[in-house]
Amino acid sequence: MKLIDEKLFDEVTAQARKSPRLRMNYNFHQSLDDKCHRFLNALEMGTEIPVHHHVTKDETIILLRGKLRVNIYDDEGEVVESVVLCQEEGRYGVDIPKNTWHSVECLEPGTMTFEAKEGPFVPHEKDGILNLKK
């Protein structure tokens, strides 16, 4: 059994702060080939998670601490829905249907989520990332 507590959160957060990506996963699944992926995701201010989608996979994100913005986009890259997850305001998570363009933005240092989605892991190909016109 693995205890999920503040000590674990602090360890993963410290790793995220040292990472060039400013985020770090702590996987509970044993292999990237597992059918169900369950993991903590520690996010720091400035981490970049591009607009992306998972063509065949739903994704659930539950906020454990901190604050996070989740945006949903149409195929042209326009925001069609946006929510700030914040425990103090009673917004704890989102379930994102497969093939839905989305992004995540860390709004508070030390933010931690629990995420679950179908495996196996497949690196995003070019069609999995939405190129926004700026």
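The values are calculated or read from the model by the stated rules, or taken from the named source; none is laboratory data. Given the structure is predicted, the values throughout are model-derived calculations rather than measurements. For neighbour counting, all protein chains shown are included, and Cβ atoms are generated from backbone atoms with ideal geometry for every residue, glycine included. Note: areas computed on protein heavy atoms with side chains; ligands, DNA, RNA excluded. Shrake-Rupley method; radii C 1.70, N 1.55, O 1.52, S 1.80 Å.
The portion of the accessible surface of the chain made up by carbon and sulfur, rounded to a whole percent, is 52 (1.4 Å probe; DNA, RNA and ligands excluded). Residue separation of residue 60 and residue 82 scaled by 0.36 nm, minus their Cα-Cα distance, works out to 6.4 nm of gained length. 3J(HN,Hα) couplings calculated from phi for the range 91-96 with the Karplus curve 6.51 cos²θ - 1.76 cosθ + 1.60 (θ = phi - 60°) are, in sequence order, 10, 9, x, 9, 10, 9 Hz; Gly and Pro show x.
Summarising the label geometry, the points placed 7 Å from Cα in the beta-carbon direction at residue 36 and residue 118 lie 1.4 nm from one another.
The gain in end-to-end length when the residue 29 to residue 11 segment is fully stretched comes to 4.7 nm, 0.36 nm per residue minus the alpha carbon separation.
Per-residue 3J(HN,Hα) values for the range 18-28, derived from phi via the Karplus relation 6.51 cos²θ - 1.76 cosθ + 1.60 with θ = phi - 60°, read 8, 7, x, 7, 6, 7, 8, 8, 10, 7, 9 Hz in sequence order (x marks Gly and Pro). Estimated from helices alone, the mean residue ellipticity of the chain at 222 nm is -3000 deg cm²/dmol (sum of -39500 (n - 2.57) over DSSP H runs with n ≥ 4, per residue). Can you work out the base-10 log of I(q)/I(0) for the chain at q = 0.12, 0.14 1/Å, using the Debye formula on its C-alpha atoms alone? For the chain, the Cα-only Debye profile gives -0.46, -0.64.
With all protein chains kept in place, the per residue accessible area of the range 1-67 amounts to 61 square angstrom at a probe of 1.4 angstrom. Ranked from largest to smallest solvent-accessible area, with a 1.4 Å probe on the protein heavy atoms, 74, 58 come out as 58, 74. Rolling a 1.4 Å probe over the protein heavy atoms leaves residue 55 with an accessible area of roughly 80 Å². Shown are 65, 38, 17, whose ranking by accessible area with a 1.4 Å probe and every protein chain present, most to least, is 17, 38, 65.
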